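The values are calculated or read from the model by the stated rules, or taken from the named source; none is laboratory data. Just so it is clear, the model here is predicted, and its values are computed rather than measured. Here Cβ is always computed from backbone atoms with ideal geometry, including for glycine, and neighbour counts include all displayed protein chains. Note: accessible area is taken over every heavy atom of the protein model, side chains too, but ligands, DNA and RNA are not part of it. Shrake-Rupley method; radii C 1.70, N 1.55, O 1.52, S 1.80 Å.
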Amino acid sequence: MTTKHTPGPWVRRNIASARDIYIGAADDGGAPSVAIVPARVNRPADEADANARLIAAAPDLLAALLPFAGNWGFRDFNAVRAAIARATGEAS
């Protein structure tokens with residue numbers, strides 16, 4: 001299985017002049033090459049932060065789950081737990 005997406009890891013970037021949160025590949029030189037999570041006025045800031053964490057964790061979540069495709073007997077869930085922890089903000 002191959003995918004055509006910006007390679008991970010993805011990182012969050014808070015730009016001082018903007019309230020929005022920028023997501024980009026770790027090696028993209030600072031450009032928001034993947035997504036921009038808008039800081040909406042009528043929503044809590046922690047919601048935008050949680051959305052940015054989830055988006056940034058997408059490559060890790062995919063990589064952690066790919067070994068399980070077609071092999072549900074595999075029991076080493078450490079990579080899955082780590083990816084979920086990153087997406088939920090329990091790990092950086």
| task | Please determine, by comparing only the residues of the range 58-82 that are assigned to a loop (DSSP other than H, G, I, E, B) and open to solvent by 70 Å² or more (accessible area, probe 1.4 Å), which one is modelled with the highest pLDDT. | result | PHE77
| note | Every listed condition ((1) surrounded by 16 or more Cβ atoms within 10 Å (Cβ to Cβ); (2) at pLDDT 75 or above) holds for PRO32 save (2)
